[in-house]
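Following: one structure in C-alpha cells, then a few remarks.
None of the figures in this text is laboratory data; all of them are computed from the coordinates on show. Quick caveat, the model's predicted, so the values are computed rather than measured. With ideal geometry, Cβ positions are generated from the backbone for all residues, glycine too; neighbour counts draw on all protein chains shown.
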Amino acid sequence: MFQELPEIYFYFPDTKLSVSSLPQNARYYWEWQCDQHSISPMQSGGCFWTLQTYLYLNDYGFPCKLVAEMPDEGIVVTHRDFLANSFQPGAKLLLVCLRADVDRHPYAQLHVVQNPHQVIAKRSMELWESHFIPHWPQPAIIPRNLERGETFKNVMFLGNEVNLVPEFREQNWYDQLQDLGLNFHKKLNHYEWHDYSSTDVILAIRSMGVANDWRGKPASKLYSAWHSGVPAILGYESAFRSERKSDLDYLEATSVEEVIFALSRLKDNKQFRHEMVENGWTRSKETQPDAMVKRWQDFLTNIAIPAYKDWCTMKSWQQKLFLKARRSFIALRPTYYRLKQHSSSIT
C-alpha cells in the first residue's frame, strides 16, 4: 500500500532530548513525558505533537522515521518550536510545520494547524495552504470512576496556573460554589492531567467574555472531557465552537454568573448530565487513535506526497521565487521572528 511513498520523517532534535531515550510506542508516551522533569508543561508542545504523532503512525505500520538531524530529501514533519526562522528547505525537501499557537514558519511549504480558524487555503502560489487535523487528546486518560454514580460535587480545573482566570481565585467564587454544595479543585501539575477519576465536571475558561476567541488554541480540553466521561463547561473559544453541535457537547460560559448557572443546571438535572456523558462517548470516537491515524495517513498520502512531487518537479527559479515570497513574513513581523530565532533549534 505504501511502497511508492517517499521517505517521511519526524524531526525531533537532539538538543531537546536524546532520540535514543524516547518511548518506543504510543502506549508509553505519557509515562515517558511525566518522567521528563526537564521539560516544563509550557515547553512540551513539540514533544506532545511531533513525537506522539510519529509513535501512533509507527504503531499502526505507516512507514515513517524519527530523526534527530534534518535530512536533505523527503517529507519532514516537525513542530514550529524546532525550526529556526532562517531554515529553508532544499530542492528535494518538503517541510510540514506543526504550527501550534504561534505564527507560521516563513519557509515551510505546508502547515498542519490545531484550530480550523488557522487554516489558510491555497492561493495564487502553489504549496501555500494549511490543513487542520485535531490535536491529540490527553494521553493515558483515567476516566471518571463509575462508582461515583450520581455524585456531582467536584469541579475540576486541569492546566497551567497561568491559565486560571482571576475570577476563580477570588473568595466570592468559592462562596458561590459552597452555596451549591460544590468543591473547586485544581490540578496544576502536568503529571496529574490524565486523571479524571474523581472529577464530576471540567471547567476550562482561559478568559472571561468574548473579546478573544483564542484562534491558535486547540480543542484538546473538550476532546479529553469526551474521552473521560465528564461534562465540560468551557469558555468562548473558536476551537470549541468549531466542534460544537449542541449543548450536549459542552456548556459555554463567558462570566462567573454563567458558570454558576451551568453548574446549577448540571447539578439539578441528572438526565441532562447523563445525556452529555453519553454524547461525549459518541463524539470521542472522532479522536480515537484509529480515526486520528487515518486522518494523518490521508494527509500525508493525499496532500503531502503530491505537494512533495510538485516541489521536486519545480524549476529551480520557481523554488527560489517561492522562498523569496515567504521572506515577506519576516519583513511584516520583524520583532516576532527576531525573538523566535533565539529559541529555535535548526540554524
Do we have residue 286 as in contact with a Pro (Cβ under 8 Å, 6 or more places away or on another chain), surrounded by fewer than 19 Cβ atoms within 10 Å (Cβ to Cβ) and among the acidic types (Asp, Glu) here? yes
Take region 62-72 and flag every residue that is surrounded by 15 or more Cβ atoms within 10 Å (Cβ to Cβ) and within 18 Å of residue 308 (Cα to Cα). 62, 64, 70, 71
Members of region 132-148 that are within 16 Å of the chain's Cα centre (by Cα) and free of Cβ contacts under 8 Å to residues at least 24 places away in the same chain: 132
